[in-house]
1. Would you check which residues across the stretch 1-22 are part of a strand (DSSP E or B), of a type in the set (Gly, Ala, Ser) and within 24 Å of Glu191 (Cα to Cα) and list them?
2. Which condition does Pro103 not pass, out of (1) in a loop (DSSP other than H, G, I, E, B); (2) modelled with pLDDT of 95 or more, if it passes all the others?
3. I want to confirm something. Restricting to the stretch 160-192 and keeping residues that are basic (Lys, Arg) and part of a helix (DSSP H, G or I), which single residue is farthest from Leu109 (Cα to Cα)?
4. Would you please list the contacts, defined by Cβ atoms under 6 Å and residues six or more apart or on different chains, that run from a residue in the stretch 174-192 that is surrounded by 12 or more Cβ atoms within 10 Å (Cβ to Cβ) and at pLDDT below 95 to a residue that is among the hydrophobic types (A, V, I, L, M, F, W, C) and not in a helix (DSSP H, G or I)?
5. Give me the residue from the stretch 61-100 that is charged (D, E, K, R) and closer than 21 Å to Ser121 by Cβ and, out of that set, modelled with the highest pLDDT.
6. Quickly run through the stretch 154-166 and pick out the residues that are touching a Leu at 6+ places or on another chain (Cβ under 9 Å) and surrounded by 14 or more Cβ atoms within 10 Å (Cβ to Cβ).
Amino acid sequence: MRITSAEFVRSVVSPDALPKDGLPEIAFVGRSNVGKSSLLNLLMQRKLARTSATPGKTRELNFFLINRRFYFVDLPGYGYAKVQKSLQAEWKKLLEWYLEARPMLRLVLLIIDARHPQMESDKQMQEFLAFYGRRYALVRTKIDKLSKAELAAAQAASEAFFEGYEFVADVSATKKMGQHELLSKLKPYLEP
């Protein structure tokens, strides 16, 4: 699959603002500072998702229209301790209503840092997705920061730690690695 067009459509903080065109959606979720926005920009081949050195910047659902046929949805990051508890509760509520009732959501990409393959907060997100009956794939980022042996160990550790995933992909936004393989794995989820 090739991405030929990508555009930011809107930020959403309430159900009534969600797109109503019925197009399929693939959501991206991960801990703050895991490289989620960088991954989105790599896949879209342009800088549309906001990246920041400060974790916790995504505070809404950000919709990107891809090839005028489907959406990538950037979900708020989790696990950033310096964010106020009230704001964390708002993000959780936002995620809950999106995951619970969005029929167009075909797949969630659970983004984890390959250097930390067994984070409890990532496991909790996987269980959260399972609770809402959402299919998910595991995407390991920052693979360029590991040696081949370290990456092999991280792959084995994460695949044993998580369960029920549709597939696994390894990417590096910095080195532009793995994006084509990931896009080809997404294609079946976007079929009518």
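1. Start the filter on the stretch 1-22 by keeping residues that are part of a strand (DSSP E or B), which leaves 6-12.
Adding the requirement that they be of a type in the set (Gly, Ala, Ser) leaves 6, 11.
Passing the criteria: only Ala6.
2. (2)
3. Ranking the candidates gives Lys187 first.
4. What qualifies is Leu190/Phe70.
5. Going through the stretch 61-100, the residues charged (D, E, K, R) turn out to be 68-69, 74, 82, 85, 90, 92-93, 96, 100.
Keeping just the survivors that are closer than 21 Å to Ser121 by Cβ gives 74, 82, 85, 90, 92-93, 96, 100.
Working: Asp74: 94, Lys82: 55, Lys85: 63, Glu90: 70, Lys92: 77, Lys93: 81, Glu96: 88, Glu100: 90.
Among residues in the stretch 61-100 that are charged (D, E, K, R) and closer than 21 Å to Ser121 by Cβ, the one modelled with the highest pLDDT is Asp74.
6. The first filter runs over the stretch 154-166 and keeps only residues touching a Leu at 6+ places or on another chain (Cβ under 9 Å), leaving 154, 158-159, 162, 164-166.
Answer for the stretch 154-166, where residues must be touching a Leu at 6+ places or on another chain (Cβ under 9 Å) and surrounded by 14 or more Cβ atoms within 10 Å (Cβ to Cβ): Ala154, Ser158, Glu159, Phe162, Tyr165, Glu166.
The values are calculated or read from the model by the stated rules, or taken from the named source; none is laboratory data. The structure presented is a predicted model; accordingly, all values stated were derived computationally and were not measured. Please note: Cβ atoms are built from the backbone with ideal geometry, for glycine as well, and neighbour counts cover all protein chains shown.
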